[in-house]
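Below you'll find the structure, written out as structure tokens, and then a few comments.
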Amino acid sequence: MTSAEFEDLARRIMGSYFGTEWRRDALIHLPKRFDLVSRDGRIVGDAKYYQLVKRISLPPAKFATIAEHVWLLEKTPAEIRFLVFGNQIEVPRLWLKRFGPFAKAVRFFFLDDNGALKDLS
């Protein structure tokens with residue numbers, strides 16, 4: 001699966017989960033286009049299709065990117081903020097193990113290639 005295919009899957013599954021349709025949009029006060037913004041702006045999320053380095057090692061650059069997205073999501077006025085991950089569940093699990101206590105305002109989900117959704121928060 002490609003990142004674009006994962007984003008399409010995430011759009012469908014997360015739309016069903018939250019009962020909303022999505023637009024890809026930037027919020028007025030942030031220089032970031034989020035993948036999943038509800039029509040009313042109450043729910044904002046991003047889809048990430050990450051894997052470990054060579055599928056076995058911690059991905060420090062990806063960890064920094066996750067932290068950046070958490071920080072940006074925390075700056076939104078949305079009531080619900082989330083990241084949905086695909087590819088390897090170890091990436092968000094390892095990030096949450098290390099940094100989870102600092103990211104209470106953002107929910108983490110894992111979506112496998114078959115469309116099964118797991119709440120990691």
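Just so it is clear, none of the values below were taken in a lab; they were calculated from the coordinates. Quantities reported herein were computed from a predicted structural model and do not represent experimental measurements. Using ideal geometry, Cβ is built from the backbone for each residue, glycine included, and neighbour counts are taken over all protein chains shown.
So is ARG93 farther than 16 Å from LEU120 by Cβ, of a type in the set (Lys, Arg), outside any strand (DSSP E or B) and more than 10 Å from the chain's Cα centre (by Cα) or not? Taking the combined requirement at face value, the residue does not satisfy it. Screening GLY41, GLY15, GLY86, GLY45 for residues that are of a type outside the set (Asp, Glu), surrounded by 14 or more Cβ atoms within 10 Å (Cβ to Cβ) and at positive phi leaves exactly one candidate, GLY41. Pairing residues of segment 74-92 that are closer than 16 Å to GLU7 by Cβ with residues that are surrounded by fewer than 16 Cβ atoms within 10 Å (Cβ to Cβ), at Cβ distances under 6 Å and at least 6 apart in sequence or on separate chains, gives ASN87/GLN51. With respect to the stated conditions, SER57 is free of Cβ contacts under 8 Å to residues at least 12 places away in the same chain, surrounded by fewer than 15 Cβ atoms within 10 Å (Cβ to Cβ), among the hydroxyl-bearing types (Ser, Thr, Tyr) and farther than 15 Å from LEU9 by Cα.
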